[in-house]
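Trainee: So that we are looking at the same thing, I have put the structure below in structure tokens.
The values are calculated or read from the model by the stated rules, or taken from the named source; none is laboratory data. What you see is a predicted model; the values in this text were computed from it and never measured. Here the Cβ positions follow ideal geometry from the backbone for every residue, glycine too, while neighbour counts run over all protein chains shown.
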Amino acid sequence: MNKSIRYRMQRVLFYLLLAVILFYLIFPFYWAFRSSITPNSEMFTTPLSYWPHHPTLEFYREVFGDRLFMRSMLNSTIVAGSVTIISLVIGAFASYALGRFNFRGRSPVLYIILAMTMFPQIAVLGSLYTLVTRFHLYNTLPSLIITYLLFTLPFTVWVLTTFFQTMPKELEEAAYVDGATPFQVFWKVLLPLAAPGLVTTGLLAFISAWNEFLYALSFIQTPENRTITLAIFTFNTNTTGGFELPWGKMMAGTMIVTLPLIILTLIFQRRIVDGLTAGAVKG
Amino acid sequence: MDGKAATDIPIETPKSQPSRIATLRGSQTRTAWFLLIPTLLVVTLVALVPLIQTVWYSFTNARLASVQPTHFVGLKNYRYLLHDIAFRDSIWVTVKFTVITVVIEFALGIVIALVVNSNFKGRGGMRAAMLVPWAIPTVISAQMWKWMYNGIYGVFNDMLVDKLHILNHNIAWISQPNTSLPAVAAVDIWKTTPFVALLLLAGLQVIPTDVYEAATVDGANTVQQFFRITVPLLRPAILVALIFRTLDALRVFDVFFVMFSSRASTQTMAIYDQQNLVSFSDVGYGSTISVAIFVIIGIFVVAYVTALRVERT
């Protein structure tokens with residue numbers, strides 16, 4: 001009797017703790033959502049309503065009607081998409097070499113790649129800035145596509161290498177016995193098997209490029225070329241009439257930008273967790 | 001990383017054909033380097049050359065879009081850096097931020113990891129919820145929190161003053177100097193704790209359950225089990241996550257810049273550097289700061305790696 005009460009108490013405490021954690025993780029996101037559907041008349045009155053009395057989609061209409069904001073969505077898609085494809089293509093070659101070949105100089109290359117995954121972006125900002133201006137790429141999307149490779153490529157190579165290493169050797173041995181060349185082994189045998197790894201690393205590369213801010217802030221000047229993080233940031237500087245920032249519209253914008261990411265993350269959650277831990281734990 | 005063991009492709013070759021082995025080995029090496037060319041080219045273009053260039057610029061008076069020719073100025077920039085109070089302040093802000101966030105993220109992260117590691121209904125949903133803060137771009141989570149911190153219409157003031165009556169007046173969280181650092185740290189903690197928890201969770205799941213069963217048989221209670229089994233076995237995962245988090249926190253830029261712009265009292269090292277490089281086009285002095293940041297981060301890496309080595313021996 002006593003024991004079962006104690007057990008029940010423990011269970012209750014456990015679920016209470018669970019609820020607190022869940023609340024902590026979700027509440028800021030909920031609040032942004034609540035603010036995105038709360039009309040200004042309720043948004044800027046106290047006491048606050050935790051759920052709007054008259055929910056509105058007005059802010060969403062405003063965001064979708066904002067040509068520059070939609071343009072920045074497109075820009076981010078172009079930049080993050082290109083960076084992801086480039087990283088995957090050339091990263092797959094490199095990680096095939098690093099994961100399946102034994103050659104002189106392999107270890108140094110691997111260490112350079114690992115060191116670069118922790119490379120502080122700010123350390124080369126000045127040089128990249130001069131590089132970008134010298135090649136007349138300042139205020140263009142290619143300036144971001146090229147410089148983002150600094151953080152997406154080493155990460156892709158590192159994670160894919162650990163992925164290639166875990167594949168059983170017998171597969172390619174059989175192919176070699178049948179007279180296949182290394183390239184054939186790569187295309188026909190290993191790459192199809194690496195597909196899940198490519199999806200994971202691609203997704204992680206896409207997210208990190210989509211979220212980048214420092215280089216976008218430094219290399220992009222005009223509103224038409226802004227990426228999405230810059231567009232969200234510049235809400236800080238344009239007040240619409242009143243003294244408050246356009247919080248409702250900003251929150252609607254954040255919802256539109258993050259929902260695709262969250263949906264993708266939830267679909268691929270297992271693989272993302274595996275990819276993140278492969279990138280970190282196995283180091 | 002084990003450098004050699006993983007990739008040795010055994011090639012069955014009769015002993016009578018040594019030259020064939022040599023050509024095969026040679027062609028393997030050639031193929032490998034051939035495959036590496038694009039990656040090495042990119043790495044050279046966007047990392048190695050810029051890094052060397054940064055070091056070179058740090059000894060010059062280089063300015064962007066300037067008619068003045070760039071010339072070598074020796075240690076002038078470094079001498080100036082030593083007496084630069086603004087930079088010293090930015091180091092202090094960054095280090096304080098790093099210590100606060102890393103400590104709290106690990107304390108909270110281990111609690112969350114332990115909770116999620118136990119058996120309960122809806123565990124999958126919980127793991128999914130953990131990825132939500134992680135998936136949101138830092139710039140966006142900073143804006144979301146900035147709105148929650150709002151002095152008049154922010155939800156924090158509403159909760160603490162009107163609902164819970166913990167405070168008796170509203171607080172301007174972001175503009176007050178004594179609350180601005182905790183405020184910005186809270187955003188980073190919210191975003192990154194789940195990441196830390198996931199790394200620790202991966203470490204926890206590797207620990208075999210029979211170790212705990214044996215300890216229970218021997219009469220060890222939960223607290224003893226935590227400190228005698230969980231913590232020691234989790235150590236490698238903790239240290240790796242610690243290095244990652246510290247390096248990330250030391251180069252923090254986004255969350256500070258969104259919340260405070262480039263306000264002098266809350267500049268991190270990265271913000272101060274970006275201001276010099278881009279806003280003032282002072283590539284020479286900015287590069288000197290870059291080198292300094294690189295060295296400071298390097299010191300932390302060396303310290304951690306040494307600590308790791310000492311522990312292993």
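Trainee: Name the residues in segment A:128-177 that are among the small types (Gly, Ala, Ser) and within 25 Å of the chain's Cα centre (by Cα), would you?
Mentor: Matches in segment A:128-177: A:Ser143 only.
Trainee: So if I check each of B:Lys146, B:Lys96, which one is modelled with pLDDT of 95 or more, assigned by TED's automatic domain parsing to the domain that holds B:Asn276, among the basic types (Lys, Arg) and farther than 30 Å from A:Val12 by Cα?
Mentor: It is B:Lys96.
Trainee: Moving on. Out of all the residues in segment B:248-274, which are of a type outside the set (A, V, I, L, M, F, W, C) and closer than 29 Å to B:Trp134 by Cβ?
Mentor: If the condition is that a residue be of a type outside the set (A, V, I, L, M, F, W, C) and closer than 29 Å to B:Trp134 by Cβ, then B:Asp248, B:Arg251, B:Asp254, B:Ser261, B:Ser262, B:Arg263, B:Thr266, B:Gln267, B:Thr268, B:Tyr272, B:Asp273, B:Gln274 are the ones that fit.
Trainee: Looking only at segment A:165-173, decide whether some residue is part of a helix (DSSP H, G or I), modelled with pLDDT under 95 and hydrophobic (A, V, I, L, M, F, W, C).
Mentor: For segment A:165-173, residues part of a helix (DSSP H, G or I), modelled with pLDDT under 95 and hydrophobic (A, V, I, L, M, F, W, C): present.
Trainee: Looking at segment A:129-150, which of its residues are surrounded by fewer than 24 Cβ atoms within 10 Å (Cβ to Cβ), in a helix (DSSP H, G or I) and more than 9 Å from chain B (Cβ to nearest Cβ)?
Mentor: A:Val132, A:Arg134, A:Leu141, A:Pro142, A:Ile145
Trainee: Considering only segment A:108-126, state which residues are facing another protein chain (nearest Cβ under 7 Å), closer than 24 Å to B:Asp254 by Cα and out of contact with any Lys or Arg (no Cβ under 9 Å at 6 or more places or on another chain).
Mentor: A:Met116, A:Met118, A:Phe119, A:Val124, A:Leu125, A:Gly126, listed by residue number.
Trainee: Separate question: Check every one of the helices (runs of 4 or more DSSP H) wholly within segment B:231-292 and list those with 2 or more residues that are within 16 Å of A:Ala123 (Cβ to Cβ) and over 17 Å from the mean Cα position of the chain (by Cα).
Mentor: B:269-274
Trainee: For segment B:208-240, what are the residues that are closer than 22 Å to B:Ile104 by Cβ and not small (Gly, Ala, Ser)?
Mentor: B:Val223, B:Phe226, B:Phe227, B:Thr230, B:Val231, B:Leu234, B:Arg235, B:Pro236, B:Ile238, B:Leu239, B:Val240 - these are the residues of segment B:208-240 that are closer than 22 Å to B:Ile104 by Cβ and not small (Gly, Ala, Ser).
Trainee: Going by the structure shown, is A:Asn225 out of contact with any Ser or Thr (no Cβ under 6 Å at 6 or more places or on another chain), surrounded by fewer than 21 Cβ atoms within 10 Å (Cβ to Cβ) and farther than 14 Å from B:Ile140 by Cβ? Full working, then the answer.
Mentor: Working: out of contact with any Ser or Thr (no Cβ under 6 Å at 6 or more places or on another chain): yes; surrounded by fewer than 21 Cβ atoms within 10 Å (Cβ to Cβ): yes; farther than 14 Å from B:Ile140 by Cβ: yes.
Yes: the conditions hold for A:Asn225.
Trainee: Residue by residue through segment A:86-98, note down the ones that are facing chain B (nearest Cβ under 7 Å) and crowded, with 23+ Cβ neighbours inside 10 Å.
Mentor: Once the filter is applied, which keeps residues that are facing chain B (nearest Cβ under 7 Å) and crowded, with 23+ Cβ neighbours inside 10 Å, segment A:86-98 yields A:Gly91, A:Ala94, A:Tyr96, A:Ala97.
Trainee: Working carefully through the options A:Thr277, A:Thr227, find the one that is modelled with pLDDT of 90 or more and out of contact with any Pro (no Cβ under 6 Å at 6 or more places or on another chain).
Mentor: Unique residue meeting the criteria: A:Thr227.
Trainee: Given the criterion farther than 30 Å from B:Leu160 by Cα, modelled with pLDDT under 95, facing chain B (nearest Cβ under 10 Å) and out of contact with any Pro (no Cβ under 7 Å at 6 or more places or on another chain), identify the matching residue among A:Gly105, A:Gly65.
Mentor: Criteria check complete, one pass: A:Gly105.
Trainee: I want to confirm something. Restricting to segment B:136-186 and keeping residues that are among the polar types (S, T, N, Q) and assigned to a helix (DSSP H, G or I), which single residue is farthest from the other protein chains (Cβ to nearest Cβ)? Step through it out loud before you land on a result.
Mentor: In the first step, residues of segment B:136-186 are kept if they are among the polar types (S, T, N, Q); the result is B:138, B:141, B:143, B:150, B:157, B:168, B:170, B:175-176, B:178-180.
Add one more test, that the residue is assigned to a helix (DSSP H, G or I), and what stays is B:138, B:141, B:143, B:157, B:178-180.
Details: B:Thr138: 6, B:Ser141: 7, B:Gln143: 6, B:Asn157: 9, B:Asn178: 22, B:Thr179: 17, B:Ser180: 16 Å.
By that ranking, first place goes to B:Asn178.
Trainee: So which helices (runs of 4 or more DSSP H) are wholly in segment B:60-135 and hold at least 3 residues that are more than 14 Å from chain A (Cβ to nearest Cβ)? Step through it out loud before you land on a result.
Mentor: On the way: elements: B:76-82, B:85-117, B:123-135.
Filter on segment B:60-135 gives B:76-82, B:85-117.
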